[in-house]
1. Would you mind telling me which numbered condition in (1) of a type in the set (Phe, Trp, Tyr); (2) surrounded by 17 or more Cβ atoms within 10 Å (Cβ to Cβ); (3) over 17 Å from the mean Cα position of the chain (by Cα) A:Phe314 fails?
2. Please specify each residue of the range A:133-166 satisfying the condition of being open to solvent by less than 40 Å² (accessible area, probe 1.4 Å) and in a loop (DSSP other than H, G, I, E, B).
3. Which of the residues that make up the range A:167-193 are open to solvent by 10 Å² or more (accessible area, probe 1.4 Å), aromatic (Phe, Trp, Tyr) and within 16 Å of the chain's Cα centre (by Cα)?
4. Return the total of residues in the range B:244-258 being open to solvent by 10 Å² or more (accessible area, probe 1.4 Å), touching a residue at least 40 places away in the same chain (Cβ under 8 Å) and out of contact with any His (no Cβ under 8 Å at 6 or more places or on another chain).
5. Residues of the range A:93-132 being open to solvent by 60 Å² or more (accessible area, probe 1.4 Å) and outside any helix (DSSP H, G or I), which ones?
6. Among the listed residues A:Ala53, A:Ala76, A:Ala61, which satisfies the condition of being within 22 Å of A:Ile130 (Cα to Cα), touching a helix residue (DSSP H, G or I) at 6+ places or on another chain (Cβ under 7 Å) and of a type outside the set (Val, Ile, Thr)?
7. Any idea which residue in the range A:211-236 is nearest to A:Gly167 (Cα to Cα), counting only those that are surrounded by fewer than 20 Cβ atoms within 10 Å (Cβ to Cβ) and either in contact with a helix residue (DSSP H, G or I) (Cβ under 6 Å, 6 or more places away or on another chain) or acidic (Asp, Glu) (or both)?
8. When the residues of the range B:352-374 are filtered to those that are within 14 Å of chain A (Cβ to nearest Cβ) and β-branched (Val, Ile, Thr), which remaining residue is nearest to B:Gly154 (Cα to Cα)?
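The values are calculated or read from the model by the stated rules, or taken from the named source; none is laboratory data. Since we're looking at a predicted model, the values are computed, not measured. Here Cβ is always computed from backbone atoms with ideal geometry, including for glycine, and neighbour counts include all displayed protein chains. Ligands, DNA and RNA are stripped out before the accessible areas are found, and what is left, the full protein with its side chains, is counted by its heavy atoms. Shrake-Rupley method; radii C 1.70, N 1.55, O 1.52, S 1.80 Å.
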Amino acid sequence: MAVHSRSILFCKEISKFLFFRKNVVRRSSHFQYYPDKNTPVEGETTKLNMFQAIGNAMDLALEKDQSAVLFGEDVAFGGVFRCSMGLQKKHGKDRVFNTPLCEQGIVGFGIGLAVAGSTAIAEIQFADYIFPAFDQIVNEAAKYRYRSGGMFDCGRLTIRAPCGAVGHGALYHSQMPEAYFAHTPGLKIVIPRGPVKAKGLLLSCIEDKDPCIFFEPKVLYRAAVEEVPKQAYKLPLGKAEIVVPGNHVTLIGWGTQVHVLCEVAEIAKNSHGISCEVIDLMTILPWDSETVFNSAKKTGRIIIAHEAPMTCGFGSELAASIQEDCFLHLEAPVRRVTGFDSPFPHIFEPFYLPDKWRCLDAVINIVKY
Amino acid sequence: MQRVIATLRIKLKFLQNFILQKNPNPPVTVVSRCNFNNEASFETKPYKLHKLDKGPSTSVTVTREDALKYFRQMYTIRRLETASSNLYKERIIRGFCHLSNGQEACAVGMKAAMREQDTIISAYRVHGWAYLQGVSALGVLSELTGRHTGCSRGKGGSMHLYGKNFYGGNGIVGAQVPLGAGIALAHKYLNDKGVCFSLYGDGAANQGQVFEAYNMAKLLKLPCVFVCENNGYGMGTSSKRSSASVDYYSRGDYIPGVRVDGMDVLAVREASQYAIDHCTSDKGPFVLEVETYRYSGHSMSDPGTSYRTREEIQEVRLSRDPITSFKEKMLISNLASADELKAIEVEVRAEVEEANVRARTESEVSIEELASDIYINPLEPEVRGISPFDSVKHVNVGTPFIPH
């Protein structure tokens, strides 16, 4: 029963529809949003949701770098999630344009553009559609610099793709594919948890001299609203953030899951007297081992939570590295709380997701170990 | 509570409709046949041909019985899509939902030509196809609402419908096209004389794998009909802005092709028959472009009006609607009476309405099915990554279409 009413709809048209139907009960999704408290730079701010912050970042990038080009399926009129709204009008049809429905072509095209000196921002409409482009990303983009002995590279390429659970996306509109790409040296993979981080990290990705994949948790496009600095700013890639400091248990997540973990930390503290440290990894590749290991050595108890399935999820890499580096500091085995080793389900999403109750259970058990 | 009220309202409406039919129209078969023509012939719009000397016949004949069947099928699909649209707006259907209203003649025309052994695979605009391949209205609608009565037991949703000789229901643009070539290879290998209809849209026509499939199919002379359902828009981009050549029937290069008016069920049937004849006479694959139009947006989250005008949609509805135009043809040629067609409409409405009610109220499959049918023979009994509260075991529930 609750399965159908749990989620939020995101497309603009649907919101309009809801607007006219106020009697519709709009239940919250599986997480509670925790706005970013840190302001990365001084100066004026404005209230933006995540799709606006991303649009703003691309706007600034297109303004600053005349070689920058934005393209993808339906981006000309704003993209299905409205990130590029108004950008074609402002920057011209030759810089912001639609492509045919051909992901392999989009990425290959972006690589060529980037290797010849343009800044390429390619949008894959859903991360679930990125797989036709897998070869281009893994074999062409990631290895360009290496295989040419440093003569050529496509570092000016950034691939954006909406990812993750959305409440009702079912098999092909919900997946988190970060782990597939994390297996590929040469790429950088970034996942923001809200508007402030999204803007800074995306600008870093666009300017970074390595090909980056920027996965945007689509459930946050509208649900996440923060005061975002108006000016351009960059956040360092490869740096994690301690969102909630704590002493007993370290909780590691990225994207939407960080918000789940923040709530878990709150419940653990208030109801069980357990102090949790929440880390937002932000960059999946290369991940910030220093922050993670320091926290692991401090708490001795690590839980990693991600939406993707358990086996070979990025949590596996973290768990292996933590036990290798921090073994003598550990009080309990590293735990993973993840999606199931099943395809992303249609009606069972609330059970599939590593929600706060599953994470809290892991916290309580890891302390008892 | 609101859901309950909504459900009650619908039930009430259903009952009212039922009672209002004080004198239910007699079943079609009872009406005396002597008043009607038993068959009629029509001229189709000209076909466009690629690498063919002679195309399908522009003169098509239909029997009264078939015409009534096609009308009923097209009307049912239209009603199913209307029901889907409403269910989606009420937030009872979740996920992504792509409607095919406007395109009914494509599926019905192809189905009319297909033989028992022929197969079909398509993308995500397949509610109508599932119905044509034998899934009930309830099987379609309750799949969309995620109930156990759905054709995939509610586990696939709108994009993942399956039926006999119907290989889905695929969510990734263009990914089904090479699969269709593979199915055609199986037809050839098993020597069952079957043909596979491998469907994709004008948007998907630009995916590289479509061309890979063309090449293999031609090389291996596979009995595969590549059907490009050209509805003019790949999501929000018109075909003219996405495709260097909009002559999709000729994009198989070395594969012969035909463009047919996809709003004319009889023309589609004729062209499909021609394609089947081509494939079964060992000439290899065929490209069939079916020129059609979708009234709705790409999916339910697309209003479909930001990249085209409302007038354009209205114009197609008024001048080219596949159901209205076919209805007119039937009436003008005296294949059926207006009353008779009205009776069919009432019957179809009742059928879909009943399914609509049940699609809201049937139960979902139990949580054990979260991990069902991932593998046929998993090496460990429980699924990894599961909740600490209950374990979920691997199970097999579905019946394979082709037995192992």
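1. (3)
2. Hits for the range A:133-166 are A:Ala142, A:Ser148, A:Cys154, A:Gly155, A:Gly164, A:Ala165, A:Val166.
3. The one that is open to solvent by 10 Å² or more (accessible area, probe 1.4 Å), aromatic (Phe, Trp, Tyr) and within 16 Å of the chain's Cα centre (by Cα): A:Tyr180.
4. 3
5. A:Lys93, A:Asp94, A:Ala116
6. Only one candidate qualifies: A:Ala76.
7. Step by step, filter the range A:211-236, then rank; the result is A:Glu227.
8. Top of the filtered list is B:Val365.
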